[in-house]
Amino acid sequence: MTTTQSAPITEEAFAEEVRVFLDANATRRQVEQKQEWGKGSDNVSLFAEKTRDEEQAEVEQAKAWRNKVFDAGFGWITGPSQYGGRELSASFQRVYSAIESEYAAPPQGPFGIGLGMVAPTILAHGTDTAKDLYLRAMYRGEIVGCQLFSEPGAGSDLAGLQTKAVRDGEEWIVTGQKVWTSGAQYSDIGEIICRTDPDAPKHKGLTGFVVDMHAPGVEVRPLRQMTGGASFNEVFFNEVRIGDDHRLGDVNEGWTVALTTLMNERAAIGGGGAGVGGSMSVERLADMLRHLGKDKDPVLRQKLADVYINTRIASYTNQRAMAKIKAGQLPGPEMSIGKLTLTQNMLRVADFVSLALGPKLVADDGEWGTFAWSQLVMGIPGMRVAGGTDEVMRNIIGERVLGLPKEPPPAK
């Protein structure tokens, strides 16, 4: 059971506590000095094709692991004690994450959106009822959250959304459609932004809510991607009732709520992996060239150097942004830089592997580390949309970071 420390704990003592827990509940990874060609996972997909049964099994494994982590006191290390948190600094979370990476634990992908974006928004803008109902349950892995922002006519222009919420006493009736919702198929709750004042300027008439994804009137339909997977969904709301105690922030102040979520979203996406990491590491790409006998090719060597340089620069930029968050400041427009460099570096990797592999990228002859890259190449367009398109990121950087004038409106 989670307890609040009665006396300050050092990072060394905390690390020992973490290792005791992980040694008892997980298996250490085998450390290899070097990833040899043809060894390890051949999966470099972004949105892999999975059956619903496979997907649900992964969710259940992730939930079971998160239950253990939370009950041991590591589920919300920086969170308030009243919701099961430890109230420790972000440095303790980094200690835990670093040590856990040495162990084989179930992937926590299903919780990425809920804990990275929705939960911080509930903590910042939710009612006491919503906080009591959802925060502890989310961090303990009992429920999964999703983000319901984009619409068919309001993707890049989020403030133009048309899903409406009409007040009916102590409830709101929501009608409309959302699209490109990741994980909606296995989510229990969603953060939704609705139009509550159709006559107000588009940024001023929005309100945020927490919606039960199992409520009557909610319909989730999968969207098949060219990778074969269906990570995204369209979600329909047909007169779905939401209690006013599930409202996020003040009525018609939903744009502020949305910005909180979006900044956390870009921090979560842009700050992860310095753009390309793990299975897409520069070391693996260099091994590919050696295996193909193309390690002396000057064009490929230059492209590989370009990937390396840009991923290193991205990692340093992300470190500066994370230092700002560590200092207690909210993630700002600089996270748009991290998100944009992520997709640009993925494009560099896709260009590199396409040139290096040639026909092997599109013809599956069974050779390890070749055709598998097609999943990455086909998944990158989705990443260029998720969390804000590349074009939106450039506008934010130009206007809010560099101070450039806004683009002129289209001619009427």
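Some observations on this one:
- Number of the exception - Ser91 against (1) in a loop (DSSP other than H, G, I, E, B); (2) over 17 Å from the mean Cα position of the chain (by Cα): (1)
- Test: residue in region 66-85 that is in a helix (DSSP H, G or I), under 22 Å from Ser182 (Cα atoms) and at pLDDT 95 or above: yes
- Matching residues in region 214-235 - criterion: being surrounded by fewer than 17 Cβ atoms within 10 Å (Cβ to Cβ) and free of Cβ contacts under 8 Å to residues at least 60 places away in the same chain: His214, Ala215, Pro216, Gly217, Glu219, Arg221, Pro222, Leu223, Arg224
- Check on Thr121, outside the structural domain of Ser187 (by TED's automatic domain parsing) and in contact with an Asp or Glu (Cβ under 7 Å, 6 or more places away or on another chain): yes
- Any hit, region 151-158, residues being at pLDDT 90 or above and small (Gly, Ala, Ser): no
- If you filter region 94-108 down to residues that are loosely packed, with under 14 Cβ neighbours inside 10 Å and either hydroxyl-bearing (Ser, Thr, Tyr) or not in a loop (DSSP other than H, G, I, E, B) (or both), you find that the one that is nearest to the chain's Cα centre (by Cα) is Ser97.
- Lone qualifier among Ala258, Ala305, Ala286 - being touching a strand residue (DSSP E or B) at 6+ places or on another chain (Cβ under 7 Å), at pLDDT 85 or above, aliphatic (A, V, I, L, M) and not assigned by TED's automatic domain parsing to the domain that holds Glu170: Ala258
- All conditions in (1) part of a helix (DSSP H, G or I); (2) modelled with pLDDT of 95 or more; (3) closer than 22 Å to Thr27 by Cβ hold for Phe111, with the sole exception of (2).
- Residue tally, condition surrounded by fewer than 21 Cβ atoms within 10 Å (Cβ to Cβ), farther than 23 Å from Gly229 by Cβ and modelled with pLDDT under 85, over region 354-394: 2
The values are calculated or read from the model by the stated rules, or taken from the named source; none is laboratory data. Every value quoted in this text rests on a predicted model; they were computed, and no experiment measured them. When we count neighbours, we look across all protein chains shown, and the Cβ atoms used for this are built from the backbone with ideal geometry, even at glycine.
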